[in-house]
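Worksheet: one structure, shown below.
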Amino acid sequence: MRQLFVLAFVLIALALLAPREVEAGACAGPGRAVIGVVPSETDVIPRGEAVLVQVMGGTLRQLGPPHRAELGEPLETPFGIRAHFERRGMRPISIRTEAIAPGLARFVPSRPPEAGTWQLVAQGQHVDVLFGDTPAPPLGLAPELVRVERRTVVSSGRPGSSGGRSATSFVATLRQPITQPWRGILTYGDPRAESDARISRPIAIDQASQMLHATAGRCGFSTPGESPPLLGHEVSVALYDLYGRVSTRSNVVRVVEAP
């Protein structure tokens with residue numbers, strides 16, 4: 001009898017400890033953001049320039065542990081992680097944060113670092129950054145915007161489910177393909193009313209068609225503060241490079257529905 005009681009207790013304990021099956025369609029919860037350093041270990045930051053950083057779902061070149069990204073935060077808040085530059089035998093260099101767009105900023109050294117590898121340190125972690133001793137080339141020309149379209153795709157539901165789901169994206173068509181040294185595109189709202197970029201997005205090199213925004217889905221990571229374009233409203237774009245420098249803005253067009 002005692003053996004049966006022990007066996008029953010063990011089976012109940014195993015059942016409680018076993019991982020439970022996730023309900024169909026459920027999410028694991030909102031993603032947590034990390035501050036990622038965009039330049040690689042081999043990218044050379046010109047003298048006097050900054051290091052581009054962004055909020056993302058995860059990266060190998062991240063600074064500090066993930067934190068929950070909250071809606072309504074000022075642009076600078078996620079990047080306020082007391083980062084600085086260190087190099088053995090040299091005085092540390094403090095930085096200031098310049099916000100570029102929701103989830104995108106640049107860490108500007110208080111003085112130009114000597115050429116060589118420095119460590120960008122924050123929250124007990126560090127990332128190597130390579131600085132050079134020559135200035136950056138001049139910024140290129142602003143892009144010429146042809147149109148911005150809203151595209152909606154409706155997927156059919158699974159057998160037995162109630163209906164499908166729709167996904168929305170905004171795509172810009174430029175007069176010329178985007179080439180190096182540009183790394184991303186910024187979207188602005190009504191130029192008469194707004195001075196800050198609403199969205200930032202990495203570019204597809206050598207492409208004239210660029211994705212500006214896409215719905216993340218129920219379980220996707222979305223950068224807090226992003227504001228997608230609105231159908232019928234005016235927008236313009238600009239480009240940014242690896243050091244966080246931003247071009248002048250493009251011409252203004254009105255967002256239209258894709259045919």
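Legend: residues Thr42, Thr223, Thr152, Thr187, sorted from most to least accessible area (1.4 Å probe; ligands, DNA and RNA excluded), read Thr42, Thr152, Thr223, Thr187. For the peptides 85-97, 118-130, the ranking by packing is 118-130, 85-97, with the highest mean count of neighbouring Cβ atoms within 10 Å listed first.
Estimated at 0.36 nm per residue, the fully extended path between Ala167 and Thr179 surpasses their Cα-Cα distance by 1.5 nm. Karplus-based coupling profile of segment 240-245, in residue order and whole Hz: 10, 9, 5, 9, x, 6, with θ = phi - 60° in 6.51 cos²θ - 1.76 cosθ + 1.60 and x standing for Gly or Pro.
Extending 7 Å from the Cα toward the beta-carbon at both Leu230 and Val146 defines two label points whose distance is 2.8 nm.
Each residue of segment 90-102 is assigned a 3J(HN,Hα), and the resulting list reads 10, 5, x, 10, 6, 10, 10, 9, 10, 6, 9, 6, x Hz, derived from the Karplus form 6.51 cos²θ - 1.76 cosθ + 1.60 (θ = phi - 60°), x at Gly and Pro.
The values are calculated or read from the model by the stated rules, or taken from the named source; none is laboratory data. Computed from a predicted model, the values in this text were never measured in an experiment. Glycine also receives a Cβ, built like all others from the backbone with ideal geometry; neighbour counts cover every protein chain displayed. Protein only, heavy atoms only, side chains kept; ligands, DNA and RNA dropped before computing areas. Shrake-Rupley method; radii C 1.70, N 1.55, O 1.52, S 1.80 Å.
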